[in-house]
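Here's the structure, in structure tokens; my notes come after.
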Amino acid sequence: MGETDRGIRTVEDVLTLLDGLFAPGADRWTEGGADWWDGFYADRGRPVPFFVPKPDENLVAYAERGLLAGGGRALDLGCGPGRNALYLASLGYEVDAVDLSATAIRWARERAREAGATGVRLRCGDAFAAGTVEGPYDLVYDSGCFHHLPPHRRVSHLALLDRVLAPGGLFALTAFAAGEGGMGSERPDADFYRAGALEGGLAYTDTALRAVFGDLAPLELRRMRDEPADSPRFGESFLWTGLFRRPGKEA
């Protein structure tokens, strides 16, 4: 009889064990999911709403209201083809933009060259892995990454914010909204482990988002506004948008 595996010693060991409860094809959150995202971004002509080279409407609204100071450092989690990273750079931020997909990063670099953008560092990798990004950041922006994480990886997300978000810094996100007109699965957390899949992503209520990010002060939480096709902004009301501030020295 072989030696029994008793290698669980750290929180990360536990999280990795829980990762393994999902079918391999369900992985969208570790480097093991990179191939899936490469395939997703390979066809640029697909009618995917967020393939458009437009920033999120909530991000623009924050800037117009003076909530984004610019001139600091920003981290764009799951940056895709770089539309929000380029916008943040236009505000004067020095931006680190990270995505699992090398295909998405190549597309983002093309867009950056075409725009003549400076101040954006695009990197392929797992932002939640130690050593991938280094704070402090004045702004961390997550547009559609959070809702693709399984429940246990919220721990990793919160640990990243705790590690890299500066005191007084801002965290903003968009995530699938539960309820009428929303998107994503509303099943209880435990059901995803029984099924071994995430069903395209998790839907959240505003109450749930406030609870998950309870260590941060909520500044605004609302549905994203729908934007017409000819708008310079991207907006879909099946998403929540949230803006939070980390307690501490004012940014």
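The values are calculated or read from the model by the stated rules, or taken from the named source; none is laboratory data. Because the structure is a prediction, the values reported are computed rather than measured. Quick reminder, even Gly has a Cβ in these numbers, built from the backbone with ideal geometry, and neighbours come from all protein chains shown. The protein model used for the area step is the full one, side chains on, heavy atoms only, and it has no ligands, DNA or RNA in it. Shrake-Rupley method; radii C 1.70, N 1.55, O 1.52, S 1.80 Å.
Things to note:
- Taken together, the residues in the range 163-189 that are more than 8 Å from A203 (Cα to Cα) and either at pLDDT 95 or above or crowded, with 18+ Cβ neighbours inside 10 Å (or both) amount to 15.
- In the set F192, F171, F244, only one residue is of a type in the set (F, W, Y) and either over 15 Å from the mean Cα position of the chain (by Cα) or not in a strand (DSSP E or B) (or both); that residue is F192.
- Scope the range 178-203; condition touching a helix residue (DSSP H, G or I) at 6+ places or on another chain (Cβ under 8 Å) and of a type in the set (D, E); matching residues: D189, E199
- Residue list for the range 203-225, filter: of a type in the set (A, V, I, L, M), under 12 Å from F171 (Cα atoms) and assigned to a loop (DSSP other than H, G, I, E, B): L216
- Elements of the type helices (runs of 4 or more DSSP H) sitting completely within the range 44-154 and holding at least 2 residues that are in contact with a strand residue (DSSP E or B) (Cβ under 7 Å, 6 or more places away or on another chain) and either at pLDDT below 95 or hydrophobic (A, V, I, L, M, F, W, C) (or both): these cover 83-90, 102-115.
- Pair list, Cβ < 9 Å and 6+ apart or interchain, from the range 24-46 residues that are more than 19 Å from E199 (Cβ to Cβ) and touching a residue at least 24 places away in the same chain (Cβ under 8 Å) to residues that are open to solvent by 60 Å² or more (accessible area, probe 1.4 Å) and among the hydrophobic types (A, V, I, L, M, F, W, C): A34/C124
- Comparison of F22, F40, F50 shows that the only residue that is open to solvent by 60 Å² or more (accessible area, probe 1.4 Å) and of a type in the set (A, V, I, L, M, F, W, C) is F50.
- Residue count for the range 26-37, restricted to those that are crowded, with 17+ Cβ neighbours inside 10 Å and in a helix (DSSP H, G or I): 4
- Condition check for N84 on (1) under 18 Å from the mean Cα position of the chain (by Cα); (2) open to solvent by 20 Å² or more (accessible area, probe 1.4 Å): one failure, at (2).
- Checklist (1) within 19 Å of W29 (Cβ to Cβ); (2) of a type outside the set (A, V, I, L, M, F, W, C); (3) touching a strand residue (DSSP E or B) at 6+ places or on another chain (Cβ under 9 Å); (4) open to solvent by 60 Å² or more (accessible area, probe 1.4 Å) applied to R194, failing item: (3)
- Residues in the range 226-241 that are open to solvent by less than 70 Å² (accessible area, probe 1.4 Å), within 19 Å of Y87 (Cα to Cα) and part of a loop (DSSP other than H, G, I, E, B): E227, S231, R233, G235, E236.
- Exclusive hit being open to solvent by 60 Å² or more (accessible area, probe 1.4 Å) and β-branched (V, I, T), set T103, T118, T132: T118
- Residue satisfying condition, being touching a helix residue (DSSP H, G or I) at 6+ places or on another chain (Cβ under 6 Å) and more than 20 Å from M224 (Cβ to Cβ), within set L122, L165, L75, L160: L122
- Residue within the range 136-154 that is touching a Cys at 6+ places or on another chain (Cβ under 7 Å), in contact (Cβ under 8 Å) with a residue 60 or more places away in the chain and not acidic (D, E) present: no
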